[in-house]
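Each remark here refers to the structure printed beneath this line.
The values are calculated or read from the model by the stated rules, or taken from the named source; none is laboratory data. Computed from a prediction, not measured in an experiment: that's the story for all the values here. Virtual Cβ from ideal backbone geometry, glycine too; neighbours counted across all protein chains shown.
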Amino acid sequence: MSAWTRIRSWSPYPEIAAVAIVALVIPLLLPELTFYMTLLLAAIVVTSLSLFMGYAGQAALGQGAFVAAGALTVGVFTVQWHLPPWLGLVCAPIVAGLFAALVGWPLLRLRGHYLAFGTIAVLLLVQALMGVVPLFGRGIGLNGIPPLIALPIEDAQTRNATLKLIYVVIAVVVLVVSLLVSHRVVASRFGRGIRALAGSETAAASAGVPVLGSKLRVFVLAAVFAGFAGALTAFYFPFVNPESFPAEQSFEYVIMAVVGGLGTLWGGLLGVVVVGVLLRLLNDLASLPDMPAILGPSLQYAGYGIVLVLVLLFMPKGLIPTITSAVQRRRSRP
Amino acid sequence: MTLFITFLISGLAVGCAYALVGSGFVVVHRVTHVVNFAQGSFAVIGGMLASRLITGGVPHGVGELVAILVAGAAGLAVGAIILSRPGTPPFVALLIGLGLVFIALAVNILVFGQNPAPSVPIVQGAVDILGARTEWQRLIVVPVTLVVFAGLALFFERSDLGRAMTATASNPRAARLVGIGYRRMGLAAFTIGGLLGGIAGVLIAPSQQISPYADMALAISGFSAAVFGGLSSPWLTLAGGLILGVVGQLLQGYGVGSFQTQVSLLLMLAIMIIRARALNAQEEAK
């Protein structure tokens, strides 16, 4: 309980501002933005997923379904219906949120491993739909998504680089908003209600917490941010196809959330950075000359697995709570 | 009619494989309340190792047996890790299992490569059943599965270890009071889960190409079958597997398209949501 009281009394706004500034400076120093952008997009998804998993005490293993919903909104709006790109960006989180409300209403009655498998099922069904529905590109996908802003720059290379920088900046803004919203949720009366859920649903229900409604609201909130991330994915890469959102990616989100620490404000971000950078290093190691081709995927999966198992066995609360309590113990020592 | 028989038989064969993987979920869940994500990985190990051994010159029978035993050992190892910390909540155990799926996948890719295992049928040839030409390999899956399920039932009802496991499943505290260790029973359950997964893999590898990446699909199909039995009844799991297999193959056969997995997913979702209250009560009780 003490961890929660501490979070509430402590204002994270200076830290969030600092993160925003650092996140905006980094891309100016990088020669290539794609890896950084994937980290940012993952951080947007994982921050709110961590909130859902920490507070509902449930695993959502198919968050990619809502990322896909956001990306498909952009793809369908622009490529199929030729609507203005900004409209796609605005509607993507709304569509993802509505989709989450629709599937969450029956799905969130499930608990534990049933919900875990249920959420995977939703993701796999979304992938299957993307493979057969003509509106979603029927297997080929939606290609050639137009840029969000028509930049008046002649040189194609400069124009592309500037566009990618703009997408990175938007992603940073969305990430900051997700951190602020998460903080507000944690600090609110509603937040106290959903925290009670993680302890015992029966106890929370008897204390007057609307169990299904509360879970559904956090689930929808997480989907809204996942939808935002999906929209930015669609603009950045610029295509959407059934292979864009593999199940492994959704598991990766969960691994990142668990490693950082579920239900904490900074856990998602830290988990994304630690796991993302570790996997990148393993990937670089595997692509050194003289390394067998098979080593790449093998090292990547071993990286996921070993990190997840070690963290769950030896610091099951994740990095952030473990670090905070270690710091506190040191401080309280006379 | 001939066509119908063909689809029915291949559906039964597919369904039996689902049921075997699913029965592994059931055995582990009954005793430990853990859903072991790595259940599909055991089938991959069994199927790919059998193929590798037999193409390497090991005679039929020995190769399959060794592969099944190795899958059982993998089950024991997975169990030892998942149960290594007493008091781990099932939610955390599920995620540890997910981590172990990734580790198993990494090892499988290193050992077997990324391509599907070459098919080495246990029995050659084909037979006519009511005019439908069926390979023996597909056909033997059904009796073997029935024998395994009957053996499983006998094991839980008659053998000392099986009865001790059933006792732990229904009341871990009382079982401990009479000297039945939860951890020992849990490890036994995981080992049996590994063996069952290995048997499934050995049986389906010759007719369905299995690669290391088949783990997740196998786990999901097995879980779907196990959901029919509320993760606790082996016979309902068998029924569930057969329903999923036959419905999927009939849809595919009559040109609706290859939606075997999607059919399983939809039926699984429907059953879970309809039975949510009962399933949750069972979760809460543990």
(request) Check off (1) among the polar types (S, T, N, Q); (2) within 20 Å of A:Ala42 (Cβ to Cβ); (3) modelled with pLDDT under 95 for A:Ser206 and give me the number that stays unchecked. (result) (2)
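When only residues in region A:30-56 that are of a type in the set (Val, Ile, Thr) and surrounded by fewer than 21 Cβ atoms within 10 Å (Cβ to Cβ) count, which is farthest from the other protein chains (Cβ to nearest Cβ)? Step through it out loud before you land on a result.
Filtering region A:30-56 for residues of a type in the set (Val, Ile, Thr) gives A:34, A:38, A:44-47.
Those still in the list that are surrounded by fewer than 21 Cβ atoms within 10 Å (Cβ to Cβ) too: A:34, A:38.
Working: A:Thr34: 24, A:Thr38: 19 Å.
In this case the residue turns out to be A:Thr34.
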(request) Please find, among B:Ala270, B:Ala281, B:Ala217, the residue that is under 19 Å from B:Phe42 (Cβ atoms), in a helix (DSSP H, G or I) and within 13 Å of another protein chain (Cβ to nearest Cβ). (result) B:Ala217
(message) Given the condition in contact (Cβ under 8 Å) with a residue 60 or more places away in the chain and of a type in the set (Ser, Thr, Tyr), answer yes or no: does some residue in region A:262-281 qualify?
(response) yes
(message) Looking at B:Ser224, B:Ser207, can you tell me which residue is within 14 Å of another protein chain (Cβ to nearest Cβ) and among the hydroxyl-bearing types (Ser, Thr, Tyr)?
(response) B:Ser224
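Results for (1) over 30 Å from A:Tyr304 (Cβ atoms); (2) among the acidic types (Asp, Glu); (3) assigned to a helix (DSSP H, G or I), shown as yes or no for each residue.
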| residue | (1), (2), (3) |
| --- | --- |
| B:Thr88 | no, no, no |
| B:Leu98 | no, no, yes |
| B:Ala104 | no, no, yes |
| B:Gln114 | no, no, no |
| B:Ala117 | no, no, no |
| B:Thr134 | yes, no, no |
(message) It is to be established whether one or more residues within region B:246-261 are facing chain A (nearest Cβ under 10 Å) and touching a residue at least 24 places away in the same chain (Cβ under 8 Å).
(response) yes
(request) Report whether or not A:Val277 is under 17 Å from the mean Cα position of the chain (by Cα) and surrounded by fewer than 16 Cβ atoms within 10 Å (Cβ to Cβ). (result) yes
(message) Test of understanding: among B:Leu95, B:Leu100, which residue is surrounded by 19 or more Cβ atoms within 10 Å (Cβ to Cβ) and without any contact (Cβ under 8 Å) to a residue 24 or more places away in the chain?
(response) B:Leu95
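Would you confirm, using the coordinates I've provided, whether B:Pro212 is more than 13 Å from every other protein chain (Cβ to nearest Cβ), buried (at least 22 other Cβ atoms within 10 Å of the Cβ) and either touching a residue at least 12 places away in the same chain (Cβ under 8 Å) or basic (Lys, Arg) (or both)? Walk me through how you get there before you give the answer.
Working: more than 13 Å from every other protein chain (Cβ to nearest Cβ): no; buried (at least 22 other Cβ atoms within 10 Å of the Cβ): yes; either touching a residue at least 12 places away in the same chain (Cβ under 8 Å) or basic (Lys, Arg) (or both): yes.
Judged against the criteria, B:Pro212 is not a match.
Of all residues in region A:123-137, which are surrounded by fewer than 24 Cβ atoms within 10 Å (Cβ to Cβ) and either within 17 Å of A:Ala247 (Cβ to Cβ) or facing chain B (nearest Cβ under 7 Å) (or both)? Explain how you work it out, then say what you get.
Applying the first criterion (surrounded by fewer than 24 Cβ atoms within 10 Å (Cβ to Cβ)) to region A:123-137 yields A:124-129, A:131-137.
The answer is A:Leu124, A:Leu125, A:Val126, A:Gln127, A:Ala128, A:Leu129, A:Gly131.
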(message) Filter region A:101-148 down to the residues that are within 21 Å of the chain's Cα centre (by Cα), without any contact (Cβ under 8 Å) to a residue 40 or more places away in the chain and outside any helix (DSSP H, G or I) and list them by number.
(response) none
(request) Working only within region A:116-140, note down all residues that are among the small types (Gly, Ala, Ser) and either on the phi < 0 side of the Ramachandran plot or at pLDDT 90 or above (or both). (result) A:Ala116, A:Gly118, A:Ala121, A:Ala128, A:Gly131
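Criterion first (free of Cβ contacts under 8 Å to residues at least 24 places away in the same chain, within 14 Å of chain B (Cβ to nearest Cβ) and of a type in the set (Gly, Ala, Ser)) does A:Ser200 satisfy it?
Yes: the conditions hold for A:Ser200.
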(request) Kindly check whether there is at least one residue in region A:80-92 that is under 27 Å from B:Ala217 (Cβ atoms), part of a helix (DSSP H, G or I) and either under 16 Å from the mean Cα position of the chain (by Cα) or not β-branched (Val, Ile, Thr) (or both). (result) no
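Keeping to region A:298-321, report how many residues are closer than 17 Å to B:Thr88 by Cα, more than 8 Å from chain B (Cβ to nearest Cβ) and not basic (Lys, Arg).
5
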(message) Here are the criteria: (1) aliphatic (A, V, I, L, M); (2) surrounded by fewer than 24 Cβ atoms within 10 Å (Cβ to Cβ); (3) in contact (Cβ under 8 Å) with a residue 24 or more places away in the chain. Tell me which single one A:Ala59 does not satisfy.
(response) (2)
(message) Which residue is nearest to A:Thr264 (Cα to Cα), if the candidates are limited to region A:62-80 and must be surrounded by fewer than 24 Cβ atoms within 10 Å (Cβ to Cβ) and touching a helix residue (DSSP H, G or I) at 6+ places or on another chain (Cβ under 7 Å)?
(response) A:Val76
(request) List the number of the failed condition for A:Ala60; all other conditions in (1) under 30 Å from A:Leu135 (Cβ atoms); (2) outside any loop (DSSP other than H, G, I, E, B); (3) out of contact with any strand residue (DSSP E or B) (no Cβ under 9 Å at 6 or more places or on another chain) hold. (result) (2)
(request) Please state which of the following conditions A:Leu319 fails to meet, knowing it meets all the rest: (1) within 30 Å of A:Gly144 (Cα to Cα); (2) surrounded by 18 or more Cβ atoms within 10 Å (Cβ to Cβ). (result) (1)
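Residue-by-condition table, conditions (1) at pLDDT below 80; (2) farther than 30 Å from B:Leu242 by Cα; (3) within 14 Å of chain A (Cβ to nearest Cβ):
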{"position": "B:Gly75", "(1), (2), (3)": "no, no, no"}
{"position": "B:Gly79", "(1), (2), (3)": "no, no, yes"}
{"position": "B:Arg85", "(1), (2), (3)": "no, yes, yes"}
{"position": "B:Ala93", "(1), (2), (3)": "no, no, yes"}
{"position": "B:Ala104", "(1), (2), (3)": "no, no, yes"}
{"position": "B:Ile109", "(1), (2), (3)": "no, yes, yes"}
{"position": "B:Gly125", "(1), (2), (3)": "yes, no, no"}
{"position": "B:Ala132", "(1), (2), (3)": "yes, no, no"}
(message) Restricting to region B:167-191, count the residues that are assigned to a helix (DSSP H, G or I) and crowded, with 16+ Cβ neighbours inside 10 Å.
(response) 13
(request) Could you tell me whether A:Ile145 is within 14 Å of another protein chain (Cβ to nearest Cβ) and touching a Gly at 6+ places or on another chain (Cβ under 7 Å)? (result) no
(request) Might you let me know whether region A:101-109 holds any residue that is touching a Pro at 6+ places or on another chain (Cβ under 8 Å), at the interface with chain B (Cβ under 10 Å from one of its Cβ atoms) and either on the phi < 0 side of the Ramachandran plot or surrounded by fewer than 24 Cβ atoms within 10 Å (Cβ to Cβ) (or both)? (result) no
(message) at the interface with chain A (Cβ under 10 Å from one of its Cβ atoms) and touching a Phe, Trp or Tyr at 6+ places or on another chain (Cβ under 9 Å): is that true of B:Gly113 in this structure?
(response) no
(request) Go through region A:141-157 residue by residue and tally those that are at pLDDT below 90 and of a type in the set (Val, Ile, Thr). (result) 2
